[in-house]
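These notes are about the structure you will find just below.
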Amino acid sequence: MHLQHGPIDLVIGADGQRSRAFEAAHARFGTVLAELVAELPRLREPLNDKSAKPHGIIAARMHAAVAPFVSIGHLTRMAAVAGAVADEVLHAMVDAARLERAYVNNGGDIALHLAEGQVFRMAISDHTGRVLGQIALTRGDGIAGIATSGRHGRSHSLGIADSATVLARSAAAADAAATLIANAVDLPGHPGVNRCPAHMLDDNTDLGAQPVVTHCAPLSHADCRTALQSGLARAASFKKDRRIEAAALFLQNHSAVTGRTLSALQLQPKEAEHA
């Protein structure tokens with residue numbers, strides 16, 4: 001099933017009591033945008049230790065996903081909006097129907113439900129459609145969220161990663177972590193990287209005057225490794241703190257992965273960095 005309203009664009013799949021699940025998804029989706037718009041000014045504010053918690057259910061999911069990362073720097077709850085919407089719609093489906101397998105894909109940020117014995121398979125692709133890796137998940141992996149961020153995605157990025165795909169226990173958590181990991185893949189001051197204040201590209205951005213990447217020239221092997229190592233260090237720290245389960249980072253035909261004990265990730269190129 002495909003549901004679209006304003007900027008929210010969901011592709012939904014379900015095995016089991018499919019009709020009942022789709023009815024629940026459609027009903028919950030009808031309230032999503034109005035619920036978010038009601039608190040949008042607060043959701044776009046930079047988060048700090050004193051920030052008041054939002055009231056809406058989806059906004060609360062966003063807050064819970066982003067709050068653990070508040071010490072990293074400028075961050076708003078919008079970093080988890082796509083994943084939180086996917087989580088909430090999937091939650092409505094699972095509450096309403098008996099499902100063997102279900103997913104809600106919100107522009108590449110995926111909330112996932114798997115019963116025992118079920119498998120979810122997907123490919124990681126770059127912005128041209130080239131397959132970069134394969135993921136196969138079971139219930140035992142404990143993963144219910146997949147998200148990807150980077151400078152070729154729907155939102156602006158502070159880093160130069162082509163993409164950073166994160167596996168976590170919810171789509172909202174994966175969404176927030178992917179944003180921050182992709183931001184960390186960077187080469188500050190490099191002459192081949194162009195930036196401009198985010199608000200010059202989008203009047204409605206929650207990033208304000210932060211410099212976002214607008215162009216990245218071809219980089220040397222050493223530069224790619226340096227940038228990826230920076231992102232990999234952040235991803236490894238998130239995994240150590242159990243905020244994510246695994247992450248795969250890509251930059252100009254180079255890759256890096258943390259969570260390599262998780263057999264789900266099979267990356268190309270094979271000469272990948274690990275942590």
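The values are calculated or read from the model by the stated rules, or taken from the named source; none is laboratory data. Treat the numbers as computed from the prediction; the structure is a model and nothing was measured. Cβ coordinates were reconstructed from backbone atoms using ideal geometry, including for glycine residues, and neighbour counts include every protein chain displayed. Please note that ligands, DNA and RNA were not included when accessible areas were found on the heavy atoms of the full protein model with its side chains. Shrake-Rupley method; radii C 1.70, N 1.55, O 1.52, S 1.80 Å.
Quick rundown of the values:
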item: Filtered residues of region 236-250 (kept if loosely packed, with under 15 Cβ neighbours inside 10 Å and touching a residue at least 24 places away in the same chain (Cβ under 8 Å)); result: D241
item: Among the candidates A173, A177, residue that is closer than 19 Å to T258 by Cα, open to solvent by 10 Å² or more (accessible area, probe 1.4 Å) and at pLDDT 95 or above; result: A173
item: A233 vs. criteria surrounded by 16 or more Cβ atoms within 10 Å (Cβ to Cβ), closer than 30 Å to G142 by Cα and either touching a residue at least 40 places away in the same chain (Cβ under 8 Å) or acidic (D, E) (or both); result: no
item: Filtered residues of region 84-95 (kept if touching a Lys or Arg at 6+ places or on another chain (Cβ under 9 Å) and open to solvent by 40 Å² or more (accessible area, probe 1.4 Å)); result: H91
item: One residue from D202, D206 being under 30 Å from D87 (Cα atoms), touching a Leu at 6+ places or on another chain (Cβ under 9 Å) and surrounded by fewer than 24 Cβ atoms within 10 Å (Cβ to Cβ); result: D206
item: Region 96-122, residues that are assigned to a loop (DSSP other than H, G, I, E, B) and aliphatic (A, V, I, L, M); result: A97, A115
item: Extreme residue, farthest from L114 (Cα to Cα), among residues of region 6-39 that are under 20 Å from the mean Cα position of the chain (by Cα) and open to solvent by 30 Å² or more (accessible area, probe 1.4 Å); result: G6
item: Residue, surrounded by the most Cβ atoms within 10 Å (Cβ to Cβ), within region 40-72, restricted to residues that are among the small types (G, A, S) and outside any helix (DSSP H, G or I); result: G56
item: Counted residues, region 157-194 - those being aliphatic (A, V, I, L, M) and in a loop (DSSP other than H, G, I, E, B); result: 5
item: Condition broken by P218, with the remaining ones in (1) open to solvent by 60 Å² or more (accessible area, probe 1.4 Å); (2) assigned to a helix (DSSP H, G or I); (3) not hydroxyl-bearing (S, T, Y) satisfied; result: (2)
item: Answer from R243, R151 - the residue that is charged (D, E, K, R), in contact with a Pro (Cβ under 7 Å, 6 or more places away or on another chain) and assigned to a loop (DSSP other than H, G, I, E, B); result: R243
item: Pairs where the first residue, in region 203-215, is modelled with pLDDT of 85 or more and the second is loosely packed, with under 13 Cβ neighbours inside 10 Å and among the hydroxyl-bearing types (S, T, Y), C-beta under 8 Å, 6+ apart; result: none
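Yes/no matrix, rows are residues, columns are (1) modelled with pLDDT of 95 or more; (2) among the small types (G, A, S); (3) surrounded by fewer than 20 Cβ atoms within 10 Å (Cβ to Cβ); (4) in a strand (DSSP E or B):
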residue	(1), (2), (3), (4)
H74	no, no, yes, no
A82	yes, yes, no, no
I124	no, no, no, yes
G129	no, yes, yes, no
A147	yes, yes, no, yes
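Conditions tested, residue by residue: (1) at positive phi; (2) in contact (Cβ under 8 Å) with a residue 60 or more places away in the chain; (3) in contact with a Leu (Cβ under 8 Å, 6 or more places away or on another chain).
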position	(1), (2), (3)
V11	no, yes, no
G30	no, no, no
L40	no, no, no
R61	no, yes, no
I72	no, yes, yes
A80	no, yes, no
